[in-house]
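Working notes, beginning with the structure itself.
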Amino acid sequence: MTDKEIIESGNAVLGIEFGSTRIKAVLINEKYEPIASGSYTWENTLENGLWTYPMTQIHEGLRECYADLKKNVMEKYGIKIQKLKAAGISAMMHGYLAFDKDNNLLVPFRTWRNTVTGQASEKLSALFNFPIPERWSISHLYQAILNKEEHVSKIAHVHTLASYIHFRLTGKNVIGAGDASGMFPIELSSDGKTASYKADFVKKFSALDLAPFTGTIEKTFPEILMAGDNAGVLTKEGALMLDPDGDLSEGCPLCPPEGDAGTGMAATNSVAVRTGNISAGTSVFSMVVLEKELKACYPGIIDIVTTPDGKNTAMVHANNCTGEHNYWVNLFKEIVEEMGGKAEMGQYYDKLIMKSLEADKDCGGLLAYNYLSGETITGFTSGRPLFVRSENAKFTLANFMRVLMFSSLGALRAGMDILYDKESVVVDSMLGAGGYFKTEAGLKYMAAAMKAPVSAMETAGEGGPWGMALLASFMAYKNAGNADVILPAFLNEQVFKSCSKTTAQPEKDLCESFNIFFERYMKGLAIEKAAVESL
């Protein structure tokens, strides 16, 4: 069928993701290709010292995003969306939406961005011997308990943003395994087909003094479902909430709601054990699907979440990546323009970064730190961008640019080395997305720093809403007589089998070059510390 016929026949699949700055909807066809999209731009606001999005804007954003999708479909195909094959809701993970028994919101939505739960995070991490980040839902709940907040005694349900929207559309109080793992640690059943909140941790939490909270984790947090499970259908009220015009009919099946980490893994085909993905732009993070649980706990350095089908995944997040070398490229652009030259911005990046491939193996003895902000992995609460060299260093353009590119990965490598050296984690392949991968050099350097093959896939740029649509498609595929198919096999065989990608293997010379730089980088952290203290 043509894309128009797929939409008309009700065989298109919808994915919607609530990002931090944009809500986006993607409609895909039976080849899993995007055929229409819509979006809504929003910003969080600071209210009484807490970052939030007003509930009215959450609802408005959903309607306006879907209305923009409808507009796109009308412009491209001249038709209305009346029926969908499947759909799924995703959103930025973690945070805190607390409701009473009548589903009234008790306090404004507290997003992942808030860093006011340090006491709870520290106490729970120690209690469980498991990293519980400040942004997790349980940290927000326990901090509210510690603060003796008045609303705590009235709590009946706590949601993530994705599980809340799903509840409003279907009436089902459920959540996907990946999103649930950012509320409270989860565990799989012995057959791996179901998941629940980790029983021994639930028991330890329940033994704390929780007054005035009277609920339990199992009753307060949504029920966990696995990727491929049917998570309810679009109700009449839900259809009108999404499409007030009344064009969209009820009855569309929805898959479990997921977090943006899970949709990112689906969109980069990184859900199988020993695979991973890297997002590298202004900040950088890697996610590696683990074969077994880590032996130790590394709060603030390595977080543990899961794939949408419940596999433990180690996440290393660095606050700084390409931001500092963007300033340097802008400086070079200013110099060229001062001399009467002119070029497109992309040409500066391409030329300068590719020039770095000509650098000396030791980068000429140069050193740089890209810390525009603090970097938890290396122990900094604030940062000072630095460029340092010895008196006999070889200060060439190629050496300078390679050091900037390597510096972007320094903190990430420090976190990954814990996985490699202390935990013996094996990574067979990683897939990258983001500005760092726009040149061949970036791909090569990432492979050298990660000690693993790194690929850039043409579809990776489609992002979270596409990943959510893939998870909805997986549910529809399983329900169409393929009940035994697992998520990695579906993605490999149905979605990504013919997708083209560019892969860089770790090259011996570049691995040695990065290792020389990294040793200098770790020793030089004392210089960065002095800069923070002195500037």
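Of all DSSP-defined beta bridges confined to the chain, some 70% are antiparallel rather than parallel.
Dividing the mean sequence gap of close Cα pairs (under 8 Å, 6+ apart) by how many residues region 372-467 holds gives a relative contact order of 22 percent. For region 382-535, a simple Cβ point-charge model (Lys and Arg +1, Asp and Glu -1, everything else neutral) yields a dipole of about 360 debye relative to the Cα centre.
Between the helical axis of 508-523 and the longest alpha-carbon principal axis of the chain there is an angle of about 90 degrees. Could you work out how far helix 161-170 tilts from the main Cα principal axis of the chain, as a 0 to 90 degree angle to the nearest 10? Relative to the chain, helix 161-170 is tipped by roughly 30 degrees. Taken about its Cα centre, region 161-213 carries a charge dipole of about 140 debye when Lys and Arg each add +1 at the Cβ and Asp and Glu each add -1 at the Cβ. Dipole magnitude for the chain: computed about the Cα centre from +1 point charges on Lys and Arg Cβ and -1 point charges on Asp and Glu Cβ, it is near 380 debye.
Rounded to whole Å, give me the distance from the Cα center of region 357-435 to that of region 233-249. What the calculation gives is 50 Å, centre to centre. Most tightly packed first, judged by the mean number of other beta-carbon atoms within 10 Å of their residues, the peptides 13-19, 319-325 read 13-19, 319-325. In terms of its Cα atoms, the chain spans 72, 60, 45 Å along the principal axes, sorted from long to short. Computed in the context of the full set of protein chains, the accessible area of region 199-325 at 1.4 Å probe radius has 52% of its extent on carbon or sulfur.
Could you please state, rounded to a whole Å, how far the C-alpha centre of region 459-528 is from the C-alpha centre of region 294-319? Spelled out, the Cα-based centre of one part sits 16 Å from the other. In this structure Ser20 has an accessible area near 50 Å², from a 1.4 Å probe over the protein heavy atoms.
On region 28-182, 46 percent of the accessible area sits on carbon and sulfur atoms, based on a 1.4 Å probe. Beyond 29 Å in Cα-Cα separation lie the following of the pairs Lys204/Lys295; Lys80/Lys311; Lys71/Lys351; Lys24/Lys204; Lys24/Lys172: Lys80/Lys311; Lys71/Lys351; Lys24/Lys204. Relative to the longest principal axis of the Cα atoms of the chain, helix 440-450 runs at roughly 80 degrees. Taken per residue, the accessible surface of the chain reaches 42 Å², heavy atoms only and a 1.4 Å probe. Mean separation of Cα pairs under 8 Å and 6 or more residues apart, divided by the residue count, gives the chain a relative contact order of 15 percent.
Under 5 Å from the amide H of Ile186 lie the amide H atoms of Lys198, each residue being 5 or more positions distant or on a separate chain, with H modelled from the backbone and absent for Pro and chain starts. Packing, taken as the mean count of other beta carbons within 10 Å per residue, orders the peptides 170-177, 90-97, 253-260 from highest to lowest as 253-260, 90-97, 170-177. The calculated FRET efficiency for the pair Ala526 and Val485, based on their C-beta separation and a Förster distance of 56 Å, comes to about 0.60. Rounded, prolate or oblate, given the Cα gyration tensor of region 115-262, with a/c below 1.5 counting as rounded? Prolate. When the charge dipole of the chain is built from unit charges on Cβ atoms (+1 for Lys and Arg, -1 for Asp and Glu) and taken about the Cα centre, the candidate among Phe201, Asn479, Leu14 whose Cα reaches farthest toward its positive end is Phe201.
Taking the accessible area of region 418-535, probe 1.4 Å, and keeping the other protein chains in place, the carbon and sulfur fraction comes to 50%. The peptide list 435-448, 117-130, 477-490, put in order of mean Cβ contacts within 10 Å with the highest first, becomes 435-448, 117-130, 477-490.
Projected onto the charge dipole of region 217-289 (+1 at Lys/Arg Cβ, -1 at Asp/Glu Cβ, origin at the Cα centre), which of Val284, Cys255, Gly238 gives the Cα projection farthest towards the positive end? The residue sitting farthest along the positive end of the dipole is Val284.
The antiparallel fraction among DSSP beta bridges confined to region 1-110 stands at about 75%.
Take every Cα pair under 8 Å whose residues are at least 6 apart in sequence, average their separation, divide by the length of region 86-178, and the relative contact order is 36 percent.
The values are calculated or read from the model by the stated rules, or taken from the named source; none is laboratory data. All figures in this text were calculated on a predicted structure; none of them were measured in a lab. With ideal geometry, Cβ positions are generated from the backbone for all residues, glycine too; neighbour counts draw on all protein chains shown. Quick note on the areas: whole protein, heavy atoms, side chains included, nothing else; ligands and nucleic acids left out. Shrake-Rupley method; radii C 1.70, N 1.55, O 1.52, S 1.80 Å.
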